[in-house]
Amino acid sequence: MNMFSTRQNPPKTQAELIYEAQTRRERQFRTNVAISWLVLIFILIILFSGQGITIGTKTFSTIQLNTEFIKKNLPFIAGGLGETIKISLMSIMLAIILALLAALGRLSTFPPIYALSTFYVSLIRGTPLYLQIFFFFLALPQLGVVLSGLLSGVLALGLNYGAYMSEIFRAGLSSVGKGQREAAMALGMTPGQTMRRIVLPQALRFAIPPTGNEFIAMTKDSALVSATGFAHELMWRATRVGRAESNNLEALIMAAMFYWIMTMILSYLQGILETRLAKGER
């Protein structure tokens, strides 16, 4: 019986034991992190509960929120989520196109194209995003070009993030080994075919994870579009009702929670995407 049991359940190898120990440590670490998050959230709830905290003989006051205001205006502020996501998606698509073109230009050996791409990156990175939004919204009308708040915000966000992301795409294009280009040429591929079939697929796999980080940052920076008076954006709605009823604290806390939730969801989706893209490397 013992021989049969040993044959059915052979002793684990050293590698399996090490892997199980690592898995247990990772599981314990995630559990401790989750507990710490719950403690921090509990502290925030107490901080905004409006009830005093007594420590020894001293009583400390906490922040009293207007729950009636929150209940009444929560649907109105939440209605700006769709527009915020739409602004971010339109802007990131424009930014990806500009970043790829700028990266290709910075790798070009043709001086005018190289100069144009470096000039674009230098100009945009050298001026604030807030100024760029107002340039499209307030300065261009003097030249006879009138843009809506939405279009001004999308153009400014796309141009701004495209300039910063161009370095990501340039690094991705440069990461493809020279030997692969030479092998493509030996097979008779044209430079265009080599770029489309060999270089770009590998470069995009390298560039997608940091592009996800830029999209998360852009989602938060989309709040600057509210400065143009775009009436459907999340931040504009929060500031409007907060000022109207003198409850700016509650309104901004609600907006902050929506941005925070969006960021966590996007970070989770980015983690899934990075895991899938890393399968080939593993």
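For this structure, a couple of remarks:
- Ranked by the mean number of other Cβ atoms within 10 Å of their residues, highest first, the peptides 184-191, 203-210 come out as 203-210, 184-191.
- Simple spin-label estimate for S148 and L17 in nanometres, 7 Å along Cα-Cβ: 6.8 nm
- The string of couplings for the stretch 39-46 from the Karplus curve (6.51, -1.76, 1.60, θ = phi - 60°) is 5, 5, 5, 4, 5, 4, 4, 5 Hz, one whole number per residue in order, with x for Gly and Pro.
- Relative packing of peptides 17-29, 95-107, 67-79, 212-224 - highest average C-beta neighbours within 10 Å first: 95-107, 212-224, 67-79, 17-29
- Set of aspartates and glutamates near K71 by C-alpha distance (under 16 Å), chain-local residues within fewer than 8 positions excluded: E245, E250
- Karplus-derived HN-Hα couplings along the stretch 187-196 (A = 6.51, B = -1.76, C = 1.60, θ = phi - 60°), whole Hz, x at Gly and Pro: 7, x, 6, 7, x, x, 5, 4, 5, 6
- For L47 and A115, a Förster radius of 41 Å and the Cβ-Cβ distance give a FRET efficiency of 0.15, rounded to the nearest 0.05.
- Karplus-derived 3J(HN,Hα), 6.51/-1.76/1.60, for each residue of the stretch 251-260, Hz, glycine and proline x: 5, 6, 5, 4, 4, 4, 5, 5, 4, 5
- Around the Cα centre of the chain, unit charges on the Cβ atoms of Lys, Arg, Asp and Glu (plus for the first two, minus for the last two) sum to a dipole of about 680 debye.
- Cα pair distances of the stretch 67-277 binned at 10 Å [whole percent]: 8, 27, 29, 20, 10, 4, 1, 0
- Excluding same-chain neighbours fewer than eight residues apart, the aspartates and glutamates reachable from K12 by a Cα-Cα span under 15 Å are E20.
- The stretch 67-277: relative contact order in percent, alpha carbon pairs under 8 Å with at least 6 residues between: 28 percent
Just so you know, all these numbers are worked out from the coordinates, no wet-lab data involved. Quantities reported herein were computed from a predicted structural model and do not represent experimental measurements. For neighbour counting, all protein chains shown are included, and Cβ atoms are generated from backbone atoms with ideal geometry for every residue, glycine included.
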